[in-house]
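Here is the structure we will look at, set down as structure tokens.
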């Protein structure tokens, strides 16, 4: 048996609700040279949005 730590539970910083709706978003830079993909976690109680950013892609023309 291995004891692996459990992942922390995400809670809203405003209302402490633990339930979220997951969305994907893409934002381009002002001049269009870079594109940033983000995961948005939207609180189902108060609609507060948490942004999670993994990486950026340079010259991403999708």
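Just so it is clear, none of the values below were taken in a lab; they were calculated from the coordinates. What you see is a predicted model; the values in this text were computed from it and never measured.
Please give the contour-minus-distance gain from residue 47 to residue 27: 0.36 nm per residue of separation, less the Cα-Cα distance, rounded to one decimal in nm. Net length gain for the segment: 5.2 nm. The stretch between residue 34 and residue 11, if pulled fully straight at 0.36 nm per residue, gains 5.2 nm over its current Cα-Cα span.
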